[in-house]
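Colleague: If you scroll down you'll find the structure; I have some questions about it.
Please treat every number below as a calculation from the coordinates, not as lab data. Worth saying up front: this structure is predicted, and the values here are computed from it rather than measured. A quick note on method: Cβ atoms are made from the backbone with ideal geometry, for glycine too, and the neighbour counts reach across all protein chains shown.
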Amino acid sequence: MTKLVPVEPFDIVIFGATGDLAKRKLIPALFHRWCDGQIPNDTRIIAASRDKLSNQQYCDLAAGHIPAAKSGFGEKWEEFCTLLHYIALDVEGENPGWTELSSHLAPDQDKIRLFYLALPPSLYGSVCAAIGAHQLNSKNARIILEKPIGSDYDSARKINDCVGEVFAENHIFRIDHYLGKETVQNLLILRFANSLFEPMWNAGGIDHVQITVAESLGVGSRAGYYDRAGALRDMVQNHLLQLACLVAMEPPASLDAEEVRTEKLKVLRALRPITRETVAKEVVRAQYESGAIDGQAVPGYLEQLGHDSTTETFVAIRAHIDNWRWAGVPFYLRTGKCMKAKRSEIIIQFKPVPHDIVGAVEGTIHPNRLVIRLQPDEGVKLMLMTKDPGPGGVRLRYVPLNLSFADDFENGYPDAYERLLMAVVRSNLSLFMRRDEVEAAWRWVDGIAHAWNKGHDKMYGYASGTDGPSQAALLLAREEREWFDAPFGQ
Ligand code: BG6
């Protein structure tokens with residue numbers, strides 16, 4: 001087992017502590033890091049929310065989301081709860097909660113202090129202003145903002161301006177939890193710690209790239225938020241574009257945060273704008289209808305919502321990165337809810353061999369393909385051509401060279417939020433989005449959203465439990481390509 005290096009003791013204030021994110025992700029992440037000895041006991045977790053709860057009531061509420069499988073769970077949880085302090089604080093307006101928070105934090109002005117805004121982005125500006133007004137932004141204070149930062153370029157700029165009035169950019173940690181996933185980090189290692197790929201990693205060697213983030217769940221209890229966002233704003237603006245950046249960026253000089261973020265920004269700025277004239281050809285938007293997932297009947301999106309809506313739950317995009325490396329190489333991005341299975345995958349399809357010298361009696365030559373599976377069954381697979389052994393002429397087979405994380409490495413690496421929280425304590429900004437990145441991503445996404453607003457917004461349907469609408473398949477088929485949807489093991 002790898003030895004974990006403990007972080008310095010810190011205070012973390014979680015605003016929105018009774019919300020879904022705090023209960024499902026943040027408190028469990030802190031608990032797991034503490035169980036593994038990475039968080040020292042003189043750390044304080046201050047859970048703030050407007051509900052009137054005692055410490056014990058909050059601990060009981062949060063306990064419901066800790067997987068009971070952890071050994072010694074009961075005792076450990078009780079001990080962990082001594083780090084937890086609950087404060088009833090309504091972030092909107094002046095109220096005694098702020099005074100209580102100030103007096104809690106006052107004795108430790110030099111301690112690392114994190115403010116986690118697990119709140120709607122519309123509150124980011126006012127909460128930062130209140131933190132400033134109560135002089136809580138001590139010199140070691142850092143702010144953590146959940147995505148989405150705004151709902152378009154203008155609102156993102158406003159939020160960034162307000163937050164920037166209270167915190168310097170290198171104290172602002174904008175979370176995209178995909179950047180905390182083990183396999184996403186491994187993408188950088190795969191590209192830059194192996195000499196094999198780089199000479200081919202360009203328009204000369206690569207035919208196209210596919211990035212799929214498919215989910216089998218619907219919108220569930222988040223329908224209120226989701227119906228205002230849709231797949232484009234909820235997933236493409238952040239997770240899918242960040243993945244595209246890591247695939248497409250030039251090698252940074254080092255893994256230093258500014259180097260990496262500057263290279264990602266160049267990719268975002270090189271994305272070819274999608275306009276009213278091109279949107280119908282480059283983008284497919286769709287909504288899930290009733291169907292079945294894992295043998296269970298699933299109602300359609302509108303049925304779940306209980307009212308009409310023009311929000312997309314699926315989007316597929318043919319994107320282009322207009323620079324030397326990627327000229328003419330389409331990046332196909334696709335994400336949706338209520339699809340056949342949960343699956344996040346990046347596929348790099350290399351160019352075919354220029355000439356077939358084999359003349360096989362069976363099988364044809366397929367181009368090499370690199371499959372990077374982010375979840376589930378994390379792994380990397382390189383598809384190669386080989387000869388079926390034995391006599392009887394050349395019979396070709398397309399076979400995987402497989403690296404399965406579960407089989408080849410020790411199990412149990414930390415969840416994305418665990419890694420990201422520890423990175424904030426260590427002040428490592430490389431896993432977080434810089435202001436200009438977020439704004440550049442919004443500029444590109446806004447092009448699509450604006451085109452939709454101008455009536456170029458044809459909505460297709462797809463049955464729940466499928467790979468999406470047939471129009472998404474056509475997006476590739478008209479260029480004689482197809483989505484690769486085979487299960488990872490095949
Ligand atoms: C979130 C989106 O950012 O990512 C959700 O808001 C989505 O709608 C989730 O379900 C997917 O994350 P993961 O880690 O489960 O792939």
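Colleague: Convert 10 °C to kelvin, take the viscosity as 1.306 mPa s, use the Kirkwood radius over C-alpha pairs of segment 399-478 as Rh, and evaluate the Stokes-Einstein diffusion coefficient in µm²/s, rounded to a whole number.
Modeller: It diffuses with D of about 88 µm²/s by this estimate.
Colleague: Would you mind ranking Val213, Val5, Val380 so that the residue whose beta carbon has the fewest other beta carbons within 10 Å leads the list?
Modeller: Val5, Val380, Val213
Colleague: Just need the relative contact order of segment 108-224 here, percent rounded to a whole number, with Cα pairs under 8 Å and 6+ apart.
Modeller: Relative contact order, segment 108-224: 23 percent.
Colleague: Still on this structure, please answer the following. Say the dipole of the chain comes from +1 at the beta carbon of Lys and Arg and -1 at that of Asp and Glu; which of His65, Ala168, Ala88 then lies farthest toward its positive end?
Modeller: The residue sitting most towards the positive pole is Ala168.
Colleague: Taking each pair of different alpha-carbon atoms in segment 196-352 once, compute 1/r for the pair, average those values, and report the inverse of that mean as the Kirkwood hydrodynamic radius in Å to one decimal. Don't skip to the end; give the middle numbers.
Modeller: Details: mean 1/r = 0.0585 Å⁻¹.
Every distinct Cα pair counted, the radius reaches 17.1 Å.
Colleague: Per 5 Å bin, what percent of the C-alpha pairs of segment 127-272 does each bin hold, from zero upward?
Modeller: Using 5 Å bins, I get a P(r) of 2, 7, 13, 19, 18, 15, 12, 8, 4, 1, 1, 0 for segment 127-272.
Colleague: Right, something else. Using only Cα atoms, what is the ratio of the radius of gyration of segment 26-87 to 2.2 N^0.38 Å?
Modeller: Its radius of gyration relative to the 2.2 N^0.38 Å reference: 1.06.
Colleague: Then there is this: Calculate one ³J(HN,Hα) per residue across segment 469-479 by plugging θ = phi - 60° into the Karplus curve 6.51 cos²θ - 1.76 cosθ + 1.60, and present them in order as whole Hz with x for glycine and proline.
Modeller: For segment 469-479, the Karplus-derived couplings read x, 5, 4, 5, 5, 5, 3, 8, 4, 5, 10 Hz, x marking Gly and Pro.
Colleague: What do you get for Rg/Rh of segment 434-485 when both radii come from the Cα atoms and Rh is the Kirkwood radius?
Modeller: Details: Rg = 15.0 Å, Rh = 13.6 Å.
Ratio of gyration radius to Kirkwood radius: 1.10.
Colleague: Quick check: convex hull of the Cα atoms in the chain, volume per residue, rounded to a whole Å³?
Modeller: Enclosed volume per residue, from the Cα hull, is 172 Å³.
Colleague: Evaluate segment 308-373: find the radius of gyration of its Cα atoms, find its Kirkwood radius, and give the ratio Rg to Rh.
Modeller: Dividing the radius of gyration by the Kirkwood radius yields 1.11.
Colleague: Would you mind working out the magnitude of the charge dipole of segment 1-154 relative to its Cα centre, with +1 at each Lys and Arg C-beta and -1 at each Asp and Glu C-beta, to the nearest 20 Debye?
Modeller: 420 debye
Colleague: How high is the relative contact order of the chain, given as a whole-number percent (alpha carbon pairs under 8 Å, six or more residues apart)? Could the numbers behind the result be given before it?
Modeller: Numbers: 865 pairs, mean separation 85.9, N = 490.
Taking the mean separation of contacting Cα pairs over the length of the chain, I get 18 percent.
Colleague: Any chance you could list the semi-axes, whole Å, largest first, of the equivalent ellipsoid that the Cα gyration tensor gives for segment 111-198, using √(5λ)?
Modeller: Semi-axis lengths for segment 111-198 are 31, 16, 11 Å.
Colleague: Follow-up. So if the hydrodynamic radius of segment 1-121 is defined as the Kirkwood radius over C-alpha pairs, what does Stokes-Einstein give as its diffusion coefficient at 20 °C and 1.002 mPa s, in µm² per second?
Modeller: On the way: Rh = 14.9 Å.
Answer from the Stokes-Einstein relation: 144 µm²/s.
Colleague: Excluding residues fewer than 8 places away in the same chain, name every one of the lysines whose C-alpha is closer than 24 Å to that of Lys387.
Modeller: Lys351
Colleague: Can you flag which of Lys52/Lys337; Lys111/Lys266; Lys23/Lys266; Lys264/Lys337; Lys147/Lys281 are past 32 Å Cα-Cα? Present the calculation step by step, with values, prior to reporting the outcome.
Modeller: Values: Lys52/Lys337 35 Å; Lys111/Lys266 36 Å; Lys23/Lys266 36 Å; Lys264/Lys337 27 Å; Lys147/Lys281 29 Å.
Check vs 32 Å cut-off fails for Lys52/Lys337; Lys111/Lys266; Lys23/Lys266.
Colleague: For a quick check: with amide H placed at 1.01 Å from N, whose amide H comes under 5 Å from His85's, ignoring anything fewer than 5 positions away on the same chain?
Modeller: Here the answer is Ile45, Ile46, Ala47, since their amide H atoms fall under 5 Å of that of His85.
Colleague: Cα to Cα, under 17 Å, and not fewer than 8 places away if on the same chain: which lysines meet these conditions relative to Lys342?
Modeller: Lys181
Colleague: Evaluate the Kirkwood expression for the hydrodynamic radius of segment 206-255, namely the inverse of the mean inverse distance over all pairs of different C-alpha atoms, and round to one decimal in Å.
Modeller: This gives a value of 13.2 Å.
Colleague: Counting only Cα atoms, I'd like the Rg/Rh figure for segment 261-391, Kirkwood definition for Rh.
Modeller: Taking Rg over the Kirkwood Rh, I get 1.07.
Colleague: Let me ask something else. Considering the Cα positions of segment 61-155, please state its Rg to one decimal place and its Dmax as a whole number of Å.
Modeller: 16.3, 49
Colleague: Between segment 72-87 and segment 175-237, how far is it from one alpha carbon centroid to the other, in angstrom?
Modeller: With segment 72-87 and segment 175-237 each reduced to a Cα centre, they are spaced 35 Å.
Colleague: Among DSSP beta bridges lying fully in the chain, give the percent that are antiparallel, nearest 5.
Modeller: If we restrict to bridges inside the chain, about 55 percent are antiparallel.
Colleague: Moving on. If contacts are Cα pairs under 8 angstrom and at least 6 residues apart, what is the relative contact order of segment 194-327 in percent?
Modeller: On the way: 111 pairs, mean separation 37.6, N = 134.
Once normalised by length, the contact order is 28 percent.
Colleague: Within 10 Å, count the other beta carbons around each residue, average over each peptide in 309-318, 400-409, and list them highest first.
Modeller: Working: 309-318: 23.7, 400-409: 13.4.
Output ranking for 309-318, 400-409: 309-318, 400-409.
Colleague: I'd like the Kirkwood hydrodynamic radius of segment 339-435, using the inverse of the mean 1/r over distinct C-alpha pairs, in Å.
Modeller: About 17.1 Å for segment 339-435.
Colleague: For the chain, what is the mean residue ellipticity at 222 nm derived from helices alone (per DSSP H run of n ≥ 4: -39500 (n - 2.57); sum divided by total residues; nearest 500 deg cm²/dmol)?
Modeller: That comes out to -9000 deg cm²/dmol.
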